[in-house]
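What follows is a set of notes on a single structure, which appears directly below.
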Amino acid sequence: MTAYDPACLPPDDLPGLDRAWSRLVTGTSGDGEKRTWHVLDTHADGDEPAALTLLCVHGNPTWSYTWRSLLAAAPDDVRVVAADQLDMGFSERTGVDRTLAMRIDDLDGVVDALDLRGPIVAVAHDWGGPIALGWSLRHRDVLAGVVLLNTAVHQPREALPPAVIRGVRSRPLLWTSTVGTKGFITGTTLLSRPTMSRAVARAYAAPYATAERRLAIGQFVADIPLEDDHPSRATLDGIADQVGELDVPALFLWGPGDPVFSDRYLRDLAARMPQADIHRYEGARHLVIEDAPTIADDLLSWVDDLRDGPGNGAAAEALAGAGEPLWQRLSERARTAPDGPALVEPAADGWRTIRWGRLSANVERIARGLHARGVRPGDRVAVLITPGADLLAVVYACWRLGAVVVVTDAGLGARGIVRALRGSGPRFAVAIPRAERLLRFGRVGGTVIPSRDLVAIADEGDIAPPLPSAPGADDDAVIAFTSGSTGPAKGVAYTHAQVQRTRDLLARHYGLGEEDGLVAAFAPWALLGPALGIPSVLPRMDLSVPDSLTASALADAVTAGHGTVLWASPAALANVLRTQDSLDASGRRSLEQLRLVLGAGAPVSSATLHGIRRLCPKASIRTPYGMTEVLPVAEATIDDIDAAGPGEGVLVGRPLPGVSVMISAVDREGRAVGVPATDADVLGEVLVAAPHGKSRYDRLWATERASSRDAGWHRTGDLGHLDTQGWLWIEGRLAHVITTPEGPVGPVGIEQSAQRVPGVEQAAAVGVGPVGTQQVVVVVVSPGSRRGVADPALSEQVREAVGVPVAAVLVRDDLPVDIRHRAKIDRTAVGRWAAGILEGRRRP
């Protein structure tokens, strides 16, 4: 086999590759010889000076083509340089078997040949990561930052390497799969999403047409140092040991579906470089830059912040101070009323009451026991326990210890829970047996602590040393997750101070005191009971299925726990009304104990609110508006809603004290580009500023930057408007805005009007057609009507009711809703279904 081949330029017809970027550069390589590299360079002509250079290093078996989207998107004053490594791409085939150390020297050679000066940001993917980091450690004087995409610097000796690497690197397969055939190249492009075009896949393979040109692919794989005595082991270990010394900004952009560089390697890098910003692109795999369409723009946005400072794009830190620790009122109640009820929950023989004294003692004992088992302040602990006493004790123990609680709920579904946990990367998980199996089969990682061990852990806590100092106000307290109704659930990080402010606002606004009892028909809110210093009551229901709450179960819970406050979703309230005929006189009297009913999580219909008022005549009926990122934001009472009457959307009320709201108007293409303002009757994205809002989206740097680009404000993704009285109305989600030729329209107002048509139980308004020229289609649930296109009479009634041009009225048996609240309609799915029906591609 002829190993040597001179460098050359790539073909002219490769998609996305600008011929003007290509150049050949000669310099001194790691083997001491003069070698020639093929380089892509946005400043190949040398005419425009650059303020900063991105030095991009590809992995195996790719080439500089990987970085074409970054070169295309770069502004004029940012130089992007991407060299094909020697023996790779269209660079010179040297015939030399190159080690990791030699490849780092090679990178030195091409940088010197190009006379690159600082500041330089090293950007790398795959096995380009160790090479770029090795170079960075040598050149800290010019290094401005590091960006890593799906790579690794350390393979734990106690863990098996990825199966793909083990298989390809085995002697029987190494030559055949990497050199003798195109199998390794084809397999790499297949690791991308199926959306990769054949032309792009062929472009990746273009430099590797013959076995001679693929020789380095096999050598590269063989140079992966899996054995202790491997020639490159010491080099890689040295990089891993020193990378934490790089005191520069870092960004990790990750494809979590990568079977090679999984989240395990992301967690390792994050531990070594804790200053790094992280963004995980759900659905992206190994070639994350191919799978995530926004990655080049995201990377360049990060570079903008690096050069100019965060400026207006950073979320302003709330100025309001923090309150007492989250466990403070629990401790006080344990001291002043140790035998008082802290939690009342269903039991096989009736009801079980957990007293303040016992709960407080268990929190302290479990906190010490967890610390004895290795849980440290700042560690993330996923808590996968059925709502009840154990859940409360573990959560507050983690907070007391300074660990960060990762909270999921069954409303995400098994797949959603696994995805959420992989994203948050807990170091520990306290789990019931069913969750243990989910963690194992989902390959979440981390140490699993079976919930059945909690008694032993508490006993260990009795003899464990004192806990470290309490966490600070700015330390992370919890990672919670959005419902996932408009995409994968997003992790939302809250500090201790932000949870404290939420607690204090709830207590102050609703006048919550020791005489109250919180009936929590949505499990996460039961967690706030001890922080508020009031008892929590769990109804006899499946808390993962909101509409499993019956009127009798609610009455029994109110009686058992002396409940005065109910927090429930619209689906739960609706089922209470559907089952109210089962109530006897005693049950109806029990519901008269409620002084406050809060319906939250999604819009609550006027009929449901009035039904609950009749059932709970002494209660103030309110609908707090908010989201996982900040709650509560605003609030409307049933009287407010009645006084306002029908409008465009759902009235959610005035902002609460300390909360500000603005609107960013949407343009004709449905983009919220307007300058945030408080002008009346302007349809746009809702922005919220509140001291109790989130700290950030977790490991979603680009999402966080976009949501907080207006300093001090959170862009909610909700669509709405302010009326002339300053009251907020919600008209749907920004992602669901309908962009008609006449302008953007919110779906909720249309849906409410359609639901007033006799026989229509539910409705969803969607846009069908190209953005900017969409037609309104209304999909209804109307029992007795035939699926598909509605009959002329129903269609005419709906058109008359909604008051806007409607292209078609369609009928379904049901509408897809989120699992958590059973109320948020998946209009994106409905829109796809409607388009398929109207285009004849789908059967009703």
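Being under 30 Å from Gly283 (Cα atoms) and in contact (Cβ under 8 Å) with a residue 24 or more places away in the chain, is that true of even one residue in the range 361-379?
Step one: filter the range 361-379 for residues under 30 Å from Gly283 (Cα atoms), giving 378-379.
Filter once more, keeping what is in contact (Cβ under 8 Å) with a residue 24 or more places away in the chain: 378-379.
Checked the range 361-379: at least one residue is under 30 Å from Gly283 (Cα atoms) and in contact (Cβ under 8 Å) with a residue 24 or more places away in the chain.
Inspection of the range 583-594 finds no residue satisfying the criterion of being in contact with a helix residue (DSSP H, G or I) (Cβ under 8 Å, 6 or more places away or on another chain), modelled with pLDDT under 95 and in the same structural domain as Gly645 (by TED's automatic domain parsing).
Can you go through Arg419, Arg434, Arg452 and tell me which one is in contact with a Gly (Cβ under 9 Å, 6 or more places away or on another chain) and basic (Lys, Arg)? It would help to see each step written out before you state the result.
Details: Arg434 fails: in contact with a Gly (Cβ under 9 Å, 6 or more places away or on another chain); Arg452 fails: in contact with a Gly (Cβ under 9 Å, 6 or more places away or on another chain).
None of the others qualify; the one that does is Arg419.
Highlighted here are the helices (runs of 4 or more DSSP H) found entirely within the range 577-687 that include at least 1 residues which are open to solvent by 40 Å² or more (accessible area, probe 1.4 Å) and either under 29 Å from Ala801 (Cβ atoms) or touching a residue at least 60 places away in the same chain (Cβ under 8 Å) (or both): 606-615, 638-644.
Flag set for Leu9, criterion: over 40 Å from the mean Cα position of the chain (by Cα) and not assigned by TED's automatic domain parsing to the domain that holds Leu148.
Being over 14 Å from Leu815 (Cα atoms), modelled with pLDDT under 95 and part of a strand (DSSP E or B) is the filter here; which residues of the range 745-794 pass it? Across the range 745-794, the qualifying residue is only Val789.
Scanning the range 167-204 for residues that are over 32 Å from the mean Cα position of the chain (by Cα) and not in a helix (DSSP H, G or I) yields Ser170, Thr181, Lys182. Could you tell me which residue of the range 69-94 is farthest from Ala222 (Cα to Cα), considering only residues that are touching a helix residue (DSSP H, G or I) at 6+ places or on another chain (Cβ under 8 Å) and not aliphatic (A, V, I, L, M)? That would be Pro75. Checked against the criterion of being crowded, with 22+ Cβ neighbours inside 10 Å, of a type in the set (A, V, I, L, M), not in a strand (DSSP E or B) and not assigned by TED's automatic domain parsing to the domain that holds Leu656, the range 530-537 has no qualifying residue.
Which of the residues spanning the range 695-709 are open to solvent by 30 Å² or more (accessible area, probe 1.4 Å) and within 17 Å of Arg280 (Cβ to Cβ)?
Keep residues of the range 695-709 that are open to solvent by 30 Å² or more (accessible area, probe 1.4 Å), which gives 695-696, 699, 701, 703, 705-706, 709.
Scanning the range 695-709 gives Arg696, Arg699, Trp701, Thr703, Arg705, Ala706.
Taking every residue in the range 226-243 that is assigned to a helix (DSSP H, G or I) and pairing it with any residue that is among the β-branched types (Val, Ile, Thr), at least 6 positions away or on another chain, the pairs with Cβ-Cβ distances below 8 Å are Thr235/Thr99; Thr235/Ile104; Leu236/Val153; Ile239/Val153; Ala240/Val153; Val243/Val153. Flag: Thr550 matches the condition of being under 20 Å from Leu591 (Cβ atoms), open to solvent by 10 Å² or more (accessible area, probe 1.4 Å) and not acidic (Asp, Glu). Filtering the range 293-310 to residues that are in contact with a strand residue (DSSP E or B) (Cβ under 8 Å, 6 or more places away or on another chain) and modelled with pLDDT of 95 or more leaves Ile295, Asp298, Leu299, Leu300, Trp302, Val303. Listed conditions (1) farther than 22 Å from Ile224 by Cβ; (2) open to solvent by 20 Å² or more (accessible area, probe 1.4 Å); (3) touching a Pro at 6+ places or on another chain (Cβ under 7 Å) are all met by Pro119, apart from (3). From the residues in the range 150-163 that are of a type outside the set (Gly, Ala, Ser) and farther than 20 Å from Ala101 by Cα, which one is most open to solvent (accessible area, probe 1.4 Å)? Looking at the filtered set, the residue picked out is Glu158.
Tell me the residue from Arg68, Arg166, Arg79 that is of a type in the set (Lys, Arg), open to solvent by 10 Å² or more (accessible area, probe 1.4 Å) and farther than 27 Å from Phe184 by Cα, please. Result: Arg79 is the single residue among Arg68, Arg166, Arg79 that is of a type in the set (Lys, Arg), open to solvent by 10 Å² or more (accessible area, probe 1.4 Å) and farther than 27 Å from Phe184 by Cα.
Out of (1) closer than 23 Å to Ala342 by Cα; (2) among the small types (Gly, Ala, Ser); (3) in contact (Cβ under 8 Å) with a residue 12 or more places away in the chain, what's the single condition that is false for Ser548? Here Ser548 meets the rest and fails (1).
Residues of the range 136-165 that are assigned to a helix (DSSP H, G or I) and either among the basic types (Lys, Arg) or at pLDDT below 95 (or both): Arg138, Ala163, Val164, Ile165. Counting only strands (runs of 3 or more DSSP E) that sit completely within the range 410-487, zero hold 1 or more residues that are without any contact (Cβ under 8 Å) to a residue 12 or more places away in the chain and surrounded by fewer than 22 Cβ atoms within 10 Å (Cβ to Cβ).
Can you name the residue in the range 804-825 that is open to solvent by 70 Å² or more (accessible area, probe 1.4 Å) and either at pLDDT 85 or above or touching a His at 6+ places or on another chain (Cβ under 9 Å) (or both) and is also farthest from Glu751 (Cα to Cα) among such residues? Per the stated criteria, the residue is Asp813.
Among the residues of the range 690-718, those that are touching a residue at least 60 places away in the same chain (Cβ under 8 Å) and part of a strand (DSSP E or B) comprise Arg696, Tyr697, Leu700, His714, Thr716, Gly717, Asp718. Glu751 meets the conditions (1) surrounded by 19 or more Cβ atoms within 10 Å (Cβ to Cβ); (2) over 25 Å from Phe522 (Cβ atoms) in every case but one. The failed one is (2).
Could you tell me whether the range 31-45 includes any residue that is surrounded by 16 or more Cβ atoms within 10 Å (Cβ to Cβ), assigned to a loop (DSSP other than H, G, I, E, B) and in contact (Cβ under 8 Å) with a residue 60 or more places away in the chain?
Within the range 31-45, one or more residues are surrounded by 16 or more Cβ atoms within 10 Å (Cβ to Cβ), assigned to a loop (DSSP other than H, G, I, E, B) and in contact (Cβ under 8 Å) with a residue 60 or more places away in the chain.
Closer than 21 Å to Thr235 by Cβ, modelled with pLDDT of 95 or more, open to solvent by less than 10 Å² (accessible area, probe 1.4 Å) and in a helix (DSSP H, G or I): does that describe Leu133? Considered against the rule, which asks whether it is closer than 21 Å to Thr235 by Cβ, modelled with pLDDT of 95 or more, open to solvent by less than 10 Å² (accessible area, probe 1.4 Å) and in a helix (DSSP H, G or I), Leu133 comes out as yes.
Take the conditions open to solvent by 40 Å² or more (accessible area, probe 1.4 Å), charged (D, E, K, R) and closer than 26 Å to Asp474 by Cβ and apply them to Arg368. Does it pass? Give the steps one after another, and end with the answer.
Details: open to solvent by 40 Å² or more (accessible area, probe 1.4 Å): yes; charged (D, E, K, R): yes; closer than 26 Å to Asp474 by Cβ: yes.
Answer is yes for this residue.
You will find that of Ser192, Ser197, the residue that is more than 22 Å from Pro231 (Cβ to Cβ) and open to solvent by less than 30 Å² (accessible area, probe 1.4 Å) is Ser192 and no other. If you filter the range 205-217 down to residues that are in a helix (DSSP H, G or I), out of contact with any Phe, Trp or Tyr (no Cβ under 6 Å at 6 or more places or on another chain) and not aliphatic (A, V, I, L, M), you find that the one that is least open to solvent (accessible area, probe 1.4 Å) is Tyr208.
With Ala572, Ala557 as the choices, which residue is surrounded by 20 or more Cβ atoms within 10 Å (Cβ to Cβ), in contact with a Leu (Cβ under 6 Å, 6 or more places away or on another chain) and not assigned by TED's automatic domain parsing to the domain that holds Glu332? Talk me through it step by step, then tell me what you get.
Working: Ala557 fails: in contact with a Leu (Cβ under 6 Å, 6 or more places away or on another chain).
Within the list Ala572, Ala557, the selection yields Ala572.
The values are calculated or read from the model by the stated rules, or taken from the named source; none is laboratory data. Since the structure is predicted, the reported quantities are computational estimates derived from the model, not experimental observations. Methodologically, a virtual Cβ is constructed for each residue, glycine included, from the backbone with ideal geometry; neighbour enumeration extends over all protein chains shown. Quick note on the areas: whole protein, heavy atoms, side chains included, nothing else; ligands and nucleic acids left out. Shrake-Rupley method; radii C 1.70, N 1.55, O 1.52, S 1.80 Å.
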